[in-house]
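We did not get these values from a lab; they are worked out from the coordinates using the rules stated. Keep in mind that this is a model prediction, so the values were computed, not measured.
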Amino acid sequence: MEAPTPHLLLFLLFAISSSLTTSTADDGAAMLALAKSFRPPPSDWSTTSSTDYCKWTGRSPLSELKTLTLQRNKLSGKIPSFAKLSSLQEIYLDENLFDGVEPGAFAGLTSLQILSISDNPNIAAWSFPSELVDSTSLTSVSLDNTTISGVLPDVFDSFASLQSLRLSYNNITGALPPSLAKSPVQNLWINNQESGLTGTIEVLSGMTSLSQAWLQKNQLTGPIPDLSKTNLFDLQLRDNQLTGIVSPSLLPLGSLKNITLDSNKFQGPLPLFPPEVAKVSAEHNTPTRSYSVNHQHKRGETLQLTNPQEMHTGL
């Protein structure tokens, strides 16, 4: 049996999923189209009538679909609507050639736990899918490098089980949503936004489950808040506009292993991190002073203030 092309598979998936919102007859028509796409079709499938399509070998109702795994192919066209597939738990569409997303594609996915569409850079600019509020069982959302633009909706307190939120390499703007403080997110990646997030990082102080925060290469401002209630092991804040002193609240974090603060506007002394912190980097802070620190298990290392005219500014 010759398999249909990836583009045809995507078309058929769209046709079948669309049928869920219409009638059984439309569902049969979609199955008939699927039968016609195979050369030859399975022996007990018909290419002329869908009357008994429920009895066809290998056919199961799309409404029972739990996992869709189509990553690392060459699928093109728009990501179809999966709306109202209430049994669907996992969607993997990473590393394809999609050029768009159907509006409301993820509405009504009440069982969805994992949504992974990373590395689809050809998608036309779109917004974070706020319809995911229906998916209260989400544990992981990976939409990095998918051309998401605009402000993030303030909906993250809707996800009581969300552990991983990866939105790196997009064009997300505005402030970090306050609802993140009420979420159980452990891994937060919103680094390398094209125009840059703005506002403060105060919301991090309320994220008591937070273990990894990648917020580098944005336009974030203000001081580092009290992070003593988090479980951070990895804090990446370089290439922002953060100011003030480096918060001493970082010192009691027994979990902390890596922290980068380069290319901000910090001033004052750098706290003496314990030797368990494997890497501290805080170079090229402006406008008046620059940190030049290589803290690789060197207990007793102190902040070196260098003449700004002698700074190496290339990054």
Give the cross-link partners of Lys257 among the lysines, using a straight C-alpha distance below 18 Å as the criterion and excluding same-chain residues fewer than 8 apart. Lys229, Lys279, Lys298
At 0.36 nm per residue, and after removing the present C-alpha to C-alpha distance, how many nm does the segment from Thr48 to Ser149 gain when stretched out fully? 31.8 nm
